[in-house]
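Here is the structure we will look at, set down as structure tokens.
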Amino acid sequence: MEDLKRAIRDVRNFPKPGIIFRDVTPVLLDPELFGQAVKQMADPYRGARITRVVAIESRGFLFGAPIALDLGAGLVPIRKPGKLPAATERVEYELEYGTDALEMHHDAVQPGDRVLIVDDVLATGGTANAAAQLVGATGGAVVGFSFLIELDFLKGRQRLQGRRIEALLHYA
């Protein structure tokens, strides 16, 4: 775990002044570390009968695809509006200053599907909560969330309504 944390690059003042961006690119460049991260993100959900892995744009795609393969589940991309080609479900959610939206193909998750939501970072929880709302709107059951990183000081876990949350690395 320490090797993984050491590989995360801190980029100060990105994307704006005062922010420390946790860059996962060095993990992706190292096949051993990347494989270790994927396995450890999937491990808590082995035996949970996951049928769909919902991956949140865009870095969630990088972890969600191999986790879906590892768990023997289908992959469902959740994207910003206007990026998916077929009919979609859409949810708008609040940001600190304004709103945003996410979309998912309306037929990607079916009633009875057992869903794992994957992203690289849990920050405020707004995006992950919106993803859970999309899954719920189509009748799927959110089994849990898997993140590479959790920024504990932003308290994103609180927005996820007591659901199961697994994160490999924590930053206080």
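A few comments on the model shown:
- Contacts under 7 angstrom Cβ, first residue in the stretch 100-121 being farther than 30 Å from VAL27 by Cα and in contact (Cβ under 8 Å) with a residue 60 or more places away in the chain, partner crowded, with 20+ Cβ neighbours inside 10 Å and among the charged types (D, E, K, R), 6 or more apart: ASP113/ARG52
- Selected residue [closer than 20 Å to GLN133 by Cβ, in contact (Cβ under 8 Å) with a residue 40 or more places away in the chain, of a type outside the set (Gly, Ala, Ser) and out of contact with any helix residue (DSSP H, G or I) (no Cβ under 6 Å at 6 or more places or on another chain)] from THR51, THR88: THR51
- Residue that is surrounded by the most Cβ atoms within 10 Å (Cβ to Cβ) [pool: residues in the stretch 124-159 that are touching a Phe, Trp or Tyr at 6+ places or on another chain (Cβ under 9 Å) and among the aromatic types (Phe, Trp, Tyr)]: PHE147
- Flag if ALA73 is within 15 Å of the chain's Cα centre (by Cα) and of a type in the set (Gly, Ala, Ser): no
- Residues (farther than 22 Å from PRO26 by Cβ and in contact with a helix residue (DSSP H, G or I) (Cβ under 9 Å, 6 or more places away or on another chain)) located in the stretch 141-172: ALA141, VAL142, VAL143, GLY144, PHE145, GLY156, ARG159, LEU160, GLN161, ARG163, ARG164, ILE165
Each row is one residue, and each column tells you yes or no for (1) under 12 Å from VAL54 (Cα atoms); (2) within 14 Å of the chain's Cα centre (by Cα).
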site: GLN110; (1), (2): no, no
site: LEU116; (1), (2): yes, yes
site: VAL121; (1), (2): no, yes
site: THR124; (1), (2): no, yes
site: ALA131; (1), (2): yes, yes
site: THR138; (1), (2): no, no
site: GLY144; (1), (2): yes, yes
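- Subset tally (residues that are closer than 16 Å to THR127 by Cβ and either within 18 Å of the chain's Cα centre (by Cα) or in a strand (DSSP E or B) (or both)) for the stretch 85-105: 14
- Looking across the stretch 66-79, the residues that are under 15 Å from VAL115 (Cβ atoms) and in a helix (DSSP H, G or I) come down to ILE67, ALA68, LEU71.
Throughout, read-outs are computed from the coordinates displayed, never taken from laboratory work. All figures in this text were calculated on a predicted structure; none of them were measured in a lab. Note that each Cβ is placed from the backbone with ideal geometry, even for glycine, and that neighbours are counted across all protein chains shown.
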